[in-house]
Every structure is written in C-alpha cells, then in structure tokens.
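Participant: Quick one: the structure is below, and I'll ask about it shortly.
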Amino acid sequence: MNFSSVKCSQSLRNQLESMEKSHRMPHALIITGGDDTTRQEFAEFLCKWSVCTSDHSPCGECAQCRKAEGKNHIDIYYAKGKGKTNGIPVEEIREIIKDTAIKPNEAKRKVYVLYDADKRMGKESMNAFLKTLEEPSQDILFILTAENLKAVPVTILSRCTCLTLESSIGVSDKTMELAEGILLGIISSSELDLLKALGIITTRQVALEVLPVVRTVLGDTLSLSVGAEGVFDSELPMSLRKKLTKNKIIRLIDVTSDAINKTNRNVNLTILTTWLCGEYRRISWQM
C-alpha cells in the first residue's frame, strides 16, 4: 500500500498493510480520530486505493485514481444526505443497499462513503444499514467517518474495522505516563508490572486515550528498525527496540489495535485487560 499521498501513523500503516497482505481487508471501515479534514482525506485515500489498477496502490496516476480524486468515479458513491442537517435518510440507505447487488462497472470493488455517520445517520438509517452489514455483498467496501464512536450503535461497530487517526497533539503528560507504564510492563521480567500498568484501564475513556498512544509508540519503535522518524520525541522506542524483534513489534501493534476495536464494541474491561496482559506476555516472551 502506497502511503505517499497521505499522513498517518506507522501503526495505522502496519494495520492496513497487515490486512492487505493477508487478504483480510474487511467490507466495512470506520475512520475516527483526527479532525473532519483528516478523516475525509483518509477516506479519499482509501477510495483511490480501492479502485487503483497499479500494483503499488494508490498510484495517483492511473485513470481510476484520477477519477477517484476528482470524485467522479462511477464505482464510488458519496452519501448525499438532505435537509438542513444534511442527514442521510433511510430512503438513501435503502437505495445504497439495492445498488450493492450490482457488480462494479470499472473497478475491482464498489465503494460507499458515509461522512460523519455519527451525526448524519438517525436510528432508522442505522438499522437499515445494519442489515446490509450482516449480509455483505462481494466486492463492496463501506467507508464511514465518525468523530464520536459512542453515537454509533455497537451492532454496527462490531461489524466494522476501526481505523484511528492519531496525533501527538493533545496527548497529556498523564496519558503518556500511563502508556509508558504499559510499554515498560511489556518488556519487564515481572508479569506483575504489566498487570499493575494495565490495571489503570478502568473506563472506556481511559482505554481509548491510552491504548492508541501505546500503539503509536510501538509504531515509532518499528520505525526505528527501518531508519524512519517516529511521532513522539521519546527515548522509550529505543529501549523497546533493544528488547523486541521486528516481528514481535508488529504482533504487539496488531494486538493493541484489536484491543482498541474491542473497546469500541463495549467489551468488559476486566476481561479485556486480562486478555491483553496474556497476549502481550505471550508475544514478548516467545522465542
């Protein structure tokens, strides 16, 4: 996957590349984090990737990419909405569902983009949309953006893969301290250190503040192994790099991403942290 046209963290790149290489690209993605502009830009990047004909997609040069960039590709649909609030009515969702039964015209898949799903989709629209997520057609990709995942029903979140746009801006010293405690616990010789560090995750808010930072620092650690720059100005990635192989770092990033997705689906936090501790220890201490 060619990321030259978009800005995103190393951990998010790893997440997407892992799905692409293993052919596990889901039929529905929900983009959160960042601001309205960065979420839209990332959605447009994924649209180009979805239709690009190059082996190194999105190339930005083929006819499919140019059409996608100009927002006039026949296989990419942007939900229009209506009214003063530009809400996406249930009637439009039903038309989208009907359209998914039709094969792509030019590209390898059809893409449906729903910006600000948390604000523009009411209960009736969400329920109608859920039906097509339960029985997705082949060659279909739904891309949603949302500022507030709490406004998106758990039933929909559970059927989407969450992509979180991250930034060092706005990360408090306290959040960074908690994230560093977890990371040091991962490489500690004592499992108790990791259990204590994960014990601070007592609410979804804390989990969704701290775990993305853990993932970003792991991404910075991976960046060191290829000579690239990281997001945070910290010595911790260097310490982690000395203790962890490249393969272990990638697997830790995947597990952390999975934990973030589980948090978005309202999983029991005690079960989550117990599972996460076991996975972190298994990966970090495996030969």
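The values are calculated or read from the model by the stated rules, or taken from the named source; none is laboratory data. Owing to the predicted nature of the structure, the values given are computational and were not obtained by experimental measurement. Ideal geometry is used to build each Cβ from the backbone, glycine not excepted, and the neighbour counts take in all protein chains shown. Accessible surface is based on the protein model in full, side chains and every heavy atom, while ligands, DNA and RNA are left aside. Shrake-Rupley method; radii C 1.70, N 1.55, O 1.52, S 1.80 Å.
Participant: Test of understanding: among Thr37, Thr32, Thr85, which residue is of a type in the set (S, T, N, Q) and surrounded by 13 or more Cβ atoms within 10 Å (Cβ to Cβ)? Talk me through it step by step, then tell me what you get.
Facilitator: Details: Thr37 fails: surrounded by 13 or more Cβ atoms within 10 Å (Cβ to Cβ); Thr85 fails: surrounded by 13 or more Cβ atoms within 10 Å (Cβ to Cβ).
Matching residue, one of Thr37, Thr32, Thr85: Thr32.
Participant: Report those helices (runs of 4 or more DSSP H) wholly inside region 88-167 carrying at least 3 residues which are of a type in the set (Val, Ile, Thr). Give the steps one after another, and end with the answer.
Facilitator: Numbers: elements: 90-99, 117-120, 123-134, 154-157.
So the answer is 90-99, 154-157.
Participant: From (1) assigned to a helix (DSSP H, G or I); (2) out of contact with any Phe, Trp or Tyr (no Cβ under 7 Å at 6 or more places or on another chain); (3) touching a residue at least 24 places away in the same chain (Cβ under 8 Å); (4) closer than 27 Å to Lys7 by Cα, pick out the condition that doesn't hold for Gly185.
Facilitator: Only one criterion is unmet by Gly185, namely (4).
Participant: Scan region 104-127 residue by residue and report those that are surrounded by fewer than 19 Cβ atoms within 10 Å (Cβ to Cβ) and closer than 14 Å to Arg94 by Cβ.
Facilitator: Gly122, Glu124, Asn127
Participant: Residues Ser5, Ser18, Ser9, Ser22: which one is of a type in the set (Gly, Ala, Ser), exposed (fewer than 15 other Cβ atoms within 10 Å of the Cβ), modelled with pLDDT under 85 and out of contact with any Leu (no Cβ under 7 Å at 6 or more places or on another chain)?
Facilitator: Working: Ser5 fails: exposed (fewer than 15 other Cβ atoms within 10 Å of the Cβ); Ser18 fails: exposed (fewer than 15 other Cβ atoms within 10 Å of the Cβ); Ser9 fails: exposed (fewer than 15 other Cβ atoms within 10 Å of the Cβ).
Just one listed residue meets the conditions, Ser22.
Participant: Among the residues in region 114-123, are any within 30 Å of Asp220 (Cα to Cα) and touching a residue at least 60 places away in the same chain (Cβ under 8 Å)? It would help to see each step written out before you state the result.
Facilitator: Pass one, region 114-123, residues within 30 Å of Asp220 (Cα to Cα): 115-116.
Imposing the further condition that a residue be touching a residue at least 60 places away in the same chain (Cβ under 8 Å) reduces the set to 115-116.
Within region 114-123, one or more residues are within 30 Å of Asp220 (Cα to Cα) and touching a residue at least 60 places away in the same chain (Cβ under 8 Å).
Participant: Shifting gears a bit: List every residue pair whose Cβ atoms lie under 6 Å apart, where the two residues are 6 or more positions apart in sequence or sit on different chains, the first residue falls within region 233-249 and is free of Cβ contacts under 8 Å to residues at least 40 places away in the same chain, and the second residue, located anywhere, is open to solvent by 20 Å² or more (accessible area, probe 1.4 Å).
Facilitator: Pro237/Leu224; Pro237/Gly230; Arg241/Leu224; Lys246/Ser225
Participant: Looking only at region 197-238, filter to residues that are loosely packed, with under 15 Cβ neighbours inside 10 Å and part of a helix (DSSP H, G or I); which one of those is modelled with the highest pLDDT? Working first, answer last.
Facilitator: Of the residues in region 197-238, the ones loosely packed, with under 15 Cβ neighbours inside 10 Å are 199, 202-203, 205, 225-229, 233, 235, 238.
With part of a helix (DSSP H, G or I) added as a condition, the list becomes 205, 225, 238.
Details: Gln205: 90, Ser225: 65, Met238: 87.
Taking the candidates together, the pick is Gln205.
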